[in-house]
Amino acid sequence: MTTEDISRVPHSVFSLDAVPVAEQFDVWRESIGCLFEVDVPKEHRAEGFRAELDAHVIGDLAMARTHTQAQEWARSSATIARDGMDHLMIQIYEAGTMEFTHRGREQVFGQDALVVFDLAQEMRSRTSDFTNLSLLLPRPLIEPLLKQGGDRHMQIISAQGNPLARLLVDHMTALKSLASGMSLSQATEASAATLALTAACLNASKSEDGQGEAGIAFALLVRARQRIAEHLRDPDLSPARVARLSGVSRTRLYEMFEPFGGVLAYIREQRLRLALRMLIDHRFAEQPISAIAADCGFANDSAFSRAFRARFGTTARDMRATPAWAHRRGREFDRDLDRRYEEWIRLISA
């Protein structure tokens, strides 16, 4: 295995080639579980399963090209609550199709278009064998650039007759092909340009208005999550204060955060994720763990230690010493699997 050039953008290629045929789908499901729940008919699993995911971290963004077999995909409320992912994901399909139902309408998505996923919302889809390209954009970076609100989840933007959509499709394809040769400073500039181009494309494309009770409820949830993010480091942040900041009653707030295990559970999860990012970030290597805990809004060290171990299965000290926290089962083939992309997806700016 060659030593990775740390002056270049991080690059990971996950492949099942070294995995025994009978275990290939289970390993794929375990790995892609960082984003989606997947399933295929049992009779197809014994025949072996093909999947490859080629990922780069480009500044504050992540890009991945996925090539895999037909399967079912889902992000359930349980998955959303567990991973706390708060990104938009833009996909283009280079081969194959995706079928899904959204707001009572069945749709088929294929080539020459973009589809927008809001990873804070539930989704279910079915895909044929496919190759696609995914761009993950942290919500705090893209939302300030959008000129209109509205729910963009599962929005399809055709590139036919749409110059900005065509430009974004071409840009994503070119960016992925050039990413391996980029320096970290070049990636930072490319990241900013990609965010601006994506915002321009979304601003020029009509979004779902998100009106009605469901749309209003989601808009309120987004606002409450934003207020929590703004005040996350304050140890005195409480449900009552979140409700005041968000302009909703406490009863409504509790209803909104029920899928996340409650408001306090959501706040604790976001604080733990922030602490995790700081622990493995070399910029905070000299900062005491107790200071990191306090900076993330934990009132005392013992509460932080208990919560961290319960969430990640290890201590904060051990995490800092060995940040490869997606621990493996010790299978013989695990050493040949490059699963770093899972950690990158979790830890890009959020």
Problem set entry | Options 160, 121, 111; residue that is on the phi < 0 side of the Ramachandran plot, in a loop (DSSP other than H, G, I, E, B) and in contact with a His (Cβ under 7 Å, 6 or more places away or on another chain) | 121
Exercise. If you take the residues in segment 188-217 that are more than 17 Å from residue 168 (Cα to Cα) and surrounded by fewer than 13 Cβ atoms within 10 Å (Cβ to Cβ), which one is modelled with the highest pLDDT?
Worked result: 216
Exercise. Scanning segment 223-248 for residues that are hydrophobic (A, V, I, L, M, F, W, C) and in a helix (DSSP H, G or I), which turns out surrounded by the fewest Cβ atoms within 10 Å (Cβ to Cβ)?
Worked result: 240
Problem set entry | Elements of type helices (runs of 4 or more DSSP H) contained in segment 249-347, each with 1 or more residues being among the aliphatic types (A, V, I, L, M) and closer than 30 Å to residue 27 by Cβ | 263-279, 301-312, 316-321, 340-347
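Condition check ((1) in contact with a Gly (Cβ under 6 Å, 6 or more places away or on another chain); (2) modelled with pLDDT under 95; (3) in the same structural domain as residue 50 (by TED's automatic domain parsing)) across all residues:
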| position | (1), (2), (3) |
| --- | --- |
| 95 | no, no, yes |
| 122 | no, yes, yes |
| 134 | no, no, yes |
| 151 | yes, yes, yes |
| 155 | no, yes, yes |
| 161 | no, yes, yes |
| 173 | no, no, yes |
| 186 | no, no, yes |
For this session: Sort through 9, 21 and tell me the only one that's β-branched (Val, Ile, Thr) and buried (at least 17 other Cβ atoms within 10 Å of the Cβ).
Result: 9
Problem set entry | Yes/no for residue 179 being of a type in the set (A, V, I, L, M, F, W, C) and at pLDDT 95 or above | yes
Exercise. If residue 141 passes every condition in (1) at pLDDT below 95; (2) assigned to a strand (DSSP E or B); (3) under 30 Å from residue 258 (Cβ atoms); (4) of a type outside the set (Phe, Trp, Tyr) but one, which one does it miss?
Worked result: (2)
For this session: Output yes when any residue across segment 229-247 is more than 30 Å from residue 312 (Cβ to Cβ) and either touching a residue at least 12 places away in the same chain (Cβ under 8 Å) or not hydrophobic (A, V, I, L, M, F, W, C) (or both), and no when none is.
Result: yes
Exercise. For residue 51, all conditions in the list (1) of a type in the set (Gly, Ala, Ser); (2) within 30 Å of residue 185 (Cα to Cα); (3) buried (at least 21 other Cβ atoms within 10 Å of the Cβ) hold save one; what is the number of the exception?
Worked result: (2)
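The values are calculated or read from the model by the stated rules, or taken from the named source; none is laboratory data. Predicted model, so just to flag it, every value in this text is computed and none were measured. Please note: Cβ atoms are built from the backbone with ideal geometry, for glycine as well, and neighbour counts cover all protein chains shown.
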